[in-house]
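Report on the structure given below.
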Amino acid sequence: MGLRHAAEHHLPGITLAALRFARANDPTFPTSAAKRGTELLYSVHDLKRWARNRPRAPTGTTDLD
């Protein structure tokens, strides 16, 4: 499935922009499983596993001063 479909139907709370950013910058982001035209396709299982295991910033660490 493409990233847009994954963001809309399988990964609540993760935007398409966040997935695209992660694909470009996160070395742990899953590799594509296939290609449809120019769209890269991914395994929903791999994307869900990545989303579950991705690092998150600790809460309360953003200093706005």
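Residue separation of H10 and L41 scaled by 0.36 nm, minus their Cα-Cα distance, works out to 9.8 nm of gained length. The C-alpha atoms of the chain define a longest principal axis, and helix 44-53 lies at about 10 degrees to it. Of the residues L11, S43, P30, the one whose Cα sits farthest towards the positive end of the charge dipole of the chain is S43 (charges of +1 on Lys and Arg Cβ, -1 on Asp and Glu Cβ, taken about the Cα centre). The magnitude of the dipole of the chain, with charges of +1 and -1 set on the Cβ of Lys/Arg and Asp/Glu and taken from the Cα centre, is near 340 debye. Would you kindly calculate the mean projected area, averaged across all directions, of the convex hull enclosing the Cα atoms of the chain, in square nanometres? It is 5.3 nm².
Can you tell me, using C-alpha contacts under 8 Å and at least 6 residues apart, the relative contact order of the stretch 3-53 as a whole percent? Don't skip to the answer; put the middle values down first.
Details: 40 pairs, mean separation 17.3, N = 51.
Value for the stretch 3-53: 34 percent.
Any read-out appearing in this document is the output of simple, stated calculations on the displayed coordinates, not a laboratory observation. Remember, predicted model here, so these are calculated numbers, not experimental data. Cβ atoms come from the backbone with ideal geometry, glycine included; neighbour counts cover every protein chain shown.
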